[in-house]
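To keep things clear, I will list the structure first and then write my remarks on it.
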Amino acid sequence: MNISFFEILFLLGCLQGSIMACLLWTSRKGMRLSNRLLATLMALMASACLAVGIPVANGWIVLLLDLFPLVMVMPFGPILYFYTRSLLTPGFRLGRREKRHFLPVVLDWGAKIIGWIYVGGLLLGVFRQEDGPAWGHVMDQYNTYVDIPHWISITVYLWLSHRLLSRHVPLGEAGAEATHRWLATLHRAVAGLQVVYLLFLIPYVIPAFHNAVLDFAGYAPVYIPMVAIIYWIGMKGYLHAQRTAEPAAPKKTAAAPPAGVAEAVMEALRKAMEEDQLYLDPELTVEKVGRHLQKPPKTVSSVLNGHAGKSFNQYVNEYRVEAVKRRMGAPAQPPLTLVGLAFECGFNSQATFQRAFRTATGQSPGEYLASRREPVSS
């Protein structure tokens, strides 16, 4: 069996595309969705190269090519578009609406469905073996003219991808300019391939020139640049993925309670601090306060953050500071140091007391005491 130079070239393209598809699909660096979209693109081009590069001397291989869709072009455009979106829009996901773009892939199965109908009819005795050439002619005709929607689909999605990229302005984010350059270059490469595809397609779909085109050059005018793009896109896309960080998932924040609930919680907190003096507990936690108020701890924290604009510790320490200030002006029996006062008011750390007092008053405890000129031992 002789294998031509072009068949070897196409099989090498298939091998390279398969390797890059595996590397991109399993890569832990970069954006997972982007990597897998590009990996799928590589796999589709590798499969197409296999279809035109595999020797057809064996009858089983001919049957394989006739009955299985190794060449699937309709997904190419949507994948390019969603790959562009995934790199430009952190957090983009393929939802049900996006997946509908892949429904036209049934056009790629058209000739194969015709072939399966004939094989099934042949096995059931509905069709005769002599009918095979007529069915084969229908399949060939279908494969010829389905290239028109193929080219239109890729062109439309390429235009959508370019429009999306032109509206995206990198604002100095890390890697944004590199991503913009990479996508612009990728779009130009695909546009170049589309020009070649169109120049091949025009005589290819004209019945008078169809056979002459295939006899003279086969599919080489389209697949030679495709092999070059497989090598180039695969390496550049893989290297870009290695330099791209997966965006951190945004932290989920609890929804703010309704205004009425927030006001009720704030009033209950005020009573718990002023009347029940929970702040005197040096081991007080938001969980303990939640049990006291019969409210979820997350609700307490959410109300304090959203309604009072402060954390739980800040809120409690403000009451403790006020208690220390009140006791500074009252005679203590027996006399207490400032740290002793702090511990009596619920603080369990001198450093925390010093920091909270200065935050609340703008002065250290000693400076505040001196300004009041109250004799308290230190």
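Bear in mind that the values in this text are calculations on the coordinates, not laboratory data. Treat the numbers as computed from the prediction; the structure is a model and nothing was measured. For neighbour counting, all protein chains shown are included, and Cβ atoms are generated from backbone atoms with ideal geometry for every residue, glycine included.
For the range 99-235, the calculated P(r) over all alpha carbon pairs, in 10 Å bins from 0 to the bin holding the longest distance, is 10, 27, 30, 19, 9, 4, 1 percent. Our summary gives the chain a relative contact order of 16 percent, counting only alpha carbon pairs under 8 angstrom and 6 or more residues apart.
Model label points for Ser4 and Ala189, set 7 angstrom from Cα along the Cα-to-Cβ axis, are 2.6 nm apart. If each Cα of the range 5-243 is one equal point scatterer, what is log10 of I(q)/I(0) from the Debye formula at q = 0.08, 0.12, 0.15, 0.16 Å⁻¹? Log10 I(q)/I(0), no solvent term: -0.34, -0.73, -1.08, -1.20.
Packing here is the average count of other Cβ atoms within 10 Å per residue, and on that basis the peptides 313-325, 260-272, 341-353, highest first, run 313-325, 341-353, 260-272.
Relative to the longest principal axis of the Cα atoms of the chain, the long axis of helix 259-274 lies at roughly 30 degrees.
Working from label points 7 Å from Cα in the Cα-to-Cβ sense, the Asn313 to Arg163 distance is 5.3 nm. Projected onto planes of every orientation and averaged, the convex hull of the alpha-carbon atoms in the range 259-372 covers 7.3 nm². Rg ratio for the range 69-141: its Cα radius of gyration over 2.2 N^0.38 Å, N being its residue count, equals 1.64. Legend: residue pairs Lys29/Lys99; Lys29/Lys112; Lys295/Lys325, Cα-Cα distance threshold 32 Å; pairs beyond threshold, Lys29/Lys112.
When +1 charges are put on Lys and Arg Cβ atoms and -1 charges on Asp and Glu Cβ atoms, the dipole computed for the chain relative to its Cα centre reaches about 1200 debye. Listed by chain and number, the aspartates and glutamates whose C-alpha is less than 13 Å from the C-alpha of Lys298, apart from same-chain residues fewer than 8 away, are Glu287. When the alpha carbon coordinates of the range 1-137 are projected onto the principal axes, the ranges are 57, 39, 20 Å, largest first. Highest average first, the peptides 195-204, 298-307 ordered by how many other beta carbon atoms sit within 10 Å of their residues are 298-307, 195-204.
By the rule of a second cysteine Cβ within less than 4.7 angstrom, the chain holds isolated cysteines at Cys22, Cys345. With the simple spin-label model, which puts each label point 7 Å out from Cα in the Cβ direction, the Glu344 to Val119 separation comes to 9.4 nm. The angle separating the long axis of helix 5-26 from the principal Cα axis of greatest extent in the chain is about 20 degrees.
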